[in-house]
1. Checking the conditions here, which among Ile159, Ile186, Ile171, Ile165 is open to solvent by 60 Å² or more (accessible area, probe 1.4 Å) and under 19 Å from Asn266 (Cβ atoms)?
2. For the subset of the stretch 289-298 comprising residues that are within 8 Å of the chain's Cα centre (by Cα) and assigned to a helix (DSSP H, G or I), which member is surrounded by the fewest Cβ atoms within 10 Å (Cβ to Cβ)?
3. Here are some conditions: (1) open to solvent by 70 Å² or more (accessible area, probe 1.4 Å); (2) of a type in the set (A, V, I, L, M); (3) free of Cβ contacts under 8 Å to residues at least 12 places away in the same chain. Ile95 meets all but one. Which one does it not meet?
4. I'd like to know if the stretch 192-215 contains one or more residues that are of a type in the set (Ser, Thr, Tyr), at pLDDT below 95, open to solvent by less than 20 Å² (accessible area, probe 1.4 Å) and not in a helix (DSSP H, G or I).
5. Any idea which of (1) more than 18 Å from the chain's Cα centre (by Cα); (2) closer than 30 Å to Leu44 by Cα; (3) crowded, with 19+ Cβ neighbours inside 10 Å; (4) not basic (Lys, Arg) is the one Leu338 doesn't satisfy?
6. Taking the residues in the stretch 10-43 that are open to solvent by 50 Å² or more (accessible area, probe 1.4 Å) and under 21 Å from the mean Cα position of the chain (by Cα) as candidates, determine which candidate is farthest from Ser120 (Cα to Cα).
7. Determine whether Leu143 is open to solvent by less than 10 Å² (accessible area, probe 1.4 Å), touching an Asp or Glu at 6+ places or on another chain (Cβ under 9 Å) and more than 26 Å from Phe12 (Cα to Cα).
8. Kindly evaluate Phe173 against the criterion of being in a loop (DSSP other than H, G, I, E, B), under 20 Å from Leu86 (Cβ atoms) and over 13 Å from the mean Cα position of the chain (by Cα).
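The values are calculated or read from the model by the stated rules, or taken from the named source; none is laboratory data. Every value quoted in this text rests on a predicted model; they were computed, and no experiment measured them. Methodologically, a virtual Cβ is constructed for each residue, glycine included, from the backbone with ideal geometry; neighbour enumeration extends over all protein chains shown. Please note that ligands, DNA and RNA were not included when accessible areas were found on the heavy atoms of the full protein model with its side chains. Shrake-Rupley method; radii C 1.70, N 1.55, O 1.52, S 1.80 Å.
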Amino acid sequence: MIYYLGLIGVIFLFRLISLKYDSKRSLKNFYIFSVIVVILFQGLRSFSVGTDLSAYIPAFSDIGENISFINGKISYKSFEIGYILLNKILYMRGINEQLFLCIIAAIIQIPIFITIYKNSDSPLLSILVYFAFGNFFMTFSGLRQAISMSLCFAAYEFIKRRKLIKFVLLILFSALFHKSALICLILYPVYHIKLSRKYMPLLFVAIIVIFLLRNQIFILLSKVYYGEAKPISNTGAYTMFFMYLILLMISFINKDPDKDYIGLRNILFMLVCIYALASVHDYVVRIGFPLTLYLSIFVPKILKNLKLDKSNSVILRMAPYVICIGCFCIFCGTLNTLPFSFL
């Protein structure tokens with residue numbers, strides 16, 4: 001735990017230094033220094049940190065030695081072609097396993113930090129939100145999905161600017177690393193739906209119905225996607241469901257939201273619907289990971305648009321930071337991220 005708290009402490013220190021100079025250049029440097037520290041933190045970790053590394057590290061050498069695109073041998077276990085090709089290229093360049101991990105960490109983290117940098121109203125809070133809700137710890141383990149998730153988050157720029165073709169192409173490219181990225185194709189129409197406050201009662205009725213019928217809905221969807229009904233397994237994801245639900249309710253306090261605010265609120269609604277099902281299987285939780293990244297942009301917007309009284313503004317402004325750090329500590333250790341050690 002001390003290593004993770006140290007990571008947060010270093011990022012806090014970087015932010016304090018950047019605030020001292022209060023310029024665009026200092027803010028950019030804050031993000032650069034922060035992402036470098038995160039990449040080194042992940043890339044130089046022991047191979048025992050992260051549940052799936054026990055499969056990904058041997059796979060790197062196995063793919064490099066045995067996969068041959070010339071001979072038509074291009075499949076490896078259930079890995080997607082993009083990830084296989086990336087492994088093969090890195091292996092052919094003489095990259096060792098530790099440097100491979102550093103490069104993968106960079107591929108994952110750089111698009112996330114760039115997207116936050118371009119869109120966040122509160123840099124430090126956005127990074128803490130990213131750390132808080134499980135996404136960060138997932139990047140220690142599910143390398144394929146983490147790359148895909150990062151690229152799907154970067155697609156936010158194309159959603160905002162209504163660049164549909166570029167958005168679709170980036171999502172399809174993301175699916176080359178993990179096919180779960182295809183679920184993010186729905187983000188484009190979801191973002192651009194104009195859901196005003198008058199629809200709020202209907203939205204919450206829909207959420208309640210999904211939650212009450214979650215077992216039946218999951219069985220039906222698993223039959224459609226997998227061709228068979230997957231068994232129900234209790235994930236205990238109720239806490240996150242209620243936290244996201246409360247956040248959605250708070251987001252409707254804003255009486256004059258702009259288009260971007262409404263779009264991000266729509267994505268949050270979709271995330272709540274996913275987590276209404278998340279208690280029945282880990283597969284559903286994984287679907288929600290790319291959407292959770294959008295909270296790193298939306299949470300600061302919610303806080304910014306709340307009209308806070310001077311008497312309680314300090315407490316309310318500090319509360320998200322405290323909650324994020326608390327959630328970070330709760331999730332710390334998931335996916336075999338504890339005990340942590342370097343090299």
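1. The match here is Ile186.
2. Only one residue fits best here, namely Phe289.
3. Every condition holds for Ile95 apart from (1).
4. Checking the stretch 192-215: not a single residue is of a type in the set (Ser, Thr, Tyr), at pLDDT below 95, open to solvent by less than 20 Å² (accessible area, probe 1.4 Å) and not in a helix (DSSP H, G or I).
5. (3)
6. The qualifying residue farthest from Ser120 (Cα to Cα) is Leu40.
7. So Leu143 fits the description; yes.
8. no
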